[in-house]
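Worksheet: the structure to be examined is printed underneath.
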Amino acid sequence: RIRENAESIAFFAGERMEGQQVRQRFERVIANAKEIIGTQRNLDFFTTTYSYFTWILPIVVVAPAYFRGEVEIGVVQQAAAAFAHVLDDLSIIINQFESLSEFSASIDRLYGFVCAIRNA
């Protein structure tokens, strides 16, 4: 908009006002980028913690039996592998959350595009 109207802006001395509008738009873009980065950080923190938790939990559950001498170390490893396998199959939403949210955002954009076409 500024390029097309540069002559008018200069003629009416509107540089300050146009500069403020551009700055406000740019600040909104920066704020949006910061929000996206923060959300991505939180998502990564949650999924990484969840991933490590699935490896630690079965060992914590079976370890007392191992220390009491009721099971061998192989049983602890088998329990950990079985738990991880079952939980991984049940955790499809957690593991694919980022892909699902990208898909949802694409659907929202397409819906907005269809609405704009209908209203045009």
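Assorted remarks:
- In a DSSP loop and with at most 16 other Cβ atoms within 10 Å, the GluC sites (Glu not before Pro) in the stretch 14-104 are Glu70, Glu72.
- For the chain, the per residue solvent-accessible surface stands at 85 Å², with DNA, RNA and ligands left out and a 1.4 Å probe.
- Cβ-derived FRET efficiency at R0 22 Å, Glu35 paired with Tyr111, nearest 0.05: 0.55
- With Cα atoms, 0 to 90° folded angle of helix 73-90 axis to the chain main axis: 40
- In this structure Ile117 has an accessible area near 100 Å², from a 1.4 Å probe over the protein heavy atoms.
- Residue ranking by accessible heavy-atom surface, 1.4 Å probe, largest first, among Val86, Val75 comes out as Val86, Val75.
- Fully extending the segment from Gln20 to Ile59, taken as 0.36 nm per residue of separation minus the present Cα-Cα distance, adds 8.2 nm.
- In the chain, the sites counted are trypsin sites (Lys or Arg not before Pro) in DSSP loop states with at most 13 other Cβ atoms within 10 Å, and the longest stretch holding none of them, exclusive of the sites, is 4-67.
- Normalised by the number of residues in the stretch 7-120, the mean separation of alpha-carbon contacts (under 8 Å, six or more apart) gives a relative contact order of 17 percent.
- Spherically averaged projected area in nm², based on the convex hull that wraps the Cα atoms of the chain: 12.7
- Accessible surface of the chain [probe 1.4 Å, protein heavy atoms]: carbon and sulfur percent: 64
The values are calculated or read from the model by the stated rules, or taken from the named source; none is laboratory data. No experiment lies behind these values; they were computed from the predicted model shown. Methodologically, a virtual Cβ is constructed for each residue, glycine included, from the backbone with ideal geometry; neighbour enumeration extends over all protein chains shown. With ligands, DNA and RNA removed, areas are computed over all heavy atoms of the protein, side chains included. Shrake-Rupley method; radii C 1.70, N 1.55, O 1.52, S 1.80 Å.
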